[in-house]
Amino acid sequence: MIKQQDLLPVATALARVLDGVTASAPESVRLTEALGRTLAAPLKAKLTQPPFDASAMDGYAVRATDAAITPATLHLIGVAAAGRAFDGTVGRGQAARIFTGAPVPDGTDAIVIQEDTRSEATSVTILAPATPGANIRPMGQDFLAGDTLLAPGLRLTARHILLAAASGHAMLSVRRKPTVAILA
């Protein structure tokens with residue numbers, strides 16, 4: 001018959017079991033296989049995000065000095081579409097139509113949102129004053145290449161895997177899944 005004084009407290013029994021457990025070796029897995037796994041090495045960004053100064057809004061790329069006093073009418077010289085840079089430099093008295101995510105054209109330092117403008121075929125009238133840096137996501141605002149984004153030992157969630165993908169990773173170093181045996 002087992003007596004109460006012969007039984008180990010749960011904390012002591014658990015400590016004895018876990019004393020023999022060591023960290024499993026790392027293995028490299030695809031992002032699609034990493035959910036719920038434990039990160040084995042620091043996750044460092046392989047690239048800079050955003051990789052260039054990018055427009056945060058749809059509108060017009062301008063020189064802030066040209067649109068500091070409104071209304072200001074500027075000559076439209078082109079378009080900067082999302083994923084495609086404007087080919088050229090915006091000069092004094094000029095503007096370029098720009099869409100969210102597009103690289104900020106050379107010569108400009110502000111984005112005026114489209115709601116604060118009135119456009120014609122070849123010109124745009126700025127209705128609200130522009131300030132330098134307005135509506136621009138600077139290069140590297142999210143992270144820079146080489147930044148440590150996640151620490152080892154972290155159990156990976158969908159958010160972590162998305163961050164890994166956004167920072168240029170297709171594979172992650174994770175701990176091998178443990179092998180567990182139950183003895184009755």
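Restricting the calculation to alpha carbons of the stretch 37-148 gives Rg and Dmax of 16.4, 57 angstrom. Taking all protein chains as they are arranged and a probe of 1.4 Å, the heavy atoms of Ser119 leave approximately 60 Å² accessible to solvent.
Here the Karplus relation 6.51 cos²θ - 1.76 cosθ + 1.60, evaluated at θ = phi - 60°, turns the backbone of the stretch 52-67 into coupling constants of 7, 5, 10, 6, 8, 8, 6, x, 9, 7, 9, 8, 4, 5, 6, 10 Hz, with x for every Gly and Pro. Normalised per residue, the accessible area of the stretch 47-169 is 52 Å², obtained with a 1.4 Å probe and no contribution from ligands, DNA or RNA.
Computed on the stretch 100-184, with alpha-carbon pairs under 8 angstrom and 6+ residues apart, the relative contact order is 20 percent. Please give the Cα centre distance for the stretch 62-110 versus the stretch 120-139, rounded to the nearest Å. If we compute the Cα centre of each part, the gap is 7 Å. Helical runs (DSSP H, four residues minimum) scored at -39500 (n - 2.57) apiece and divided by the length of the chain put the mean residue ellipticity at 222 nm at -3000 deg cm²/dmol. Taking all protein chains as they are arranged and a probe of 1.4 Å, the heavy atoms of Asp116 leave approximately 50 Å² accessible to solvent. Around the amide H of Asp142, modelled in the peptide plane, lie the amide H atoms of Gln49, all under 5 Å away and 5 or more residues distant in sequence or on another chain. Please work out whether the stretch 101-172 counts as rounded, prolate or oblate from its C-alpha gyration tensor, where a ≥ b ≥ c are the square roots of the eigenvalues and a/c under 1.5 means rounded, while otherwise a/b larger than b/c means prolate and anything else oblate? It is prolate, given that a/c is not under 1.5 and a/b is the larger ratio. The fraction of accessible area contributed by carbon and sulfur in the chain is 57 percent, rounded to a whole number (1.4 Å probe; ligands and nucleic acids excluded).
The values are calculated or read from the model by the stated rules, or taken from the named source; none is laboratory data. Computed from a prediction, not measured in an experiment: that's the story for all the values here. Heavy atoms of the whole protein, side chains included, go into the accessibility calculation; ligands, DNA and RNA do not. Shrake-Rupley method; radii C 1.70, N 1.55, O 1.52, S 1.80 Å.
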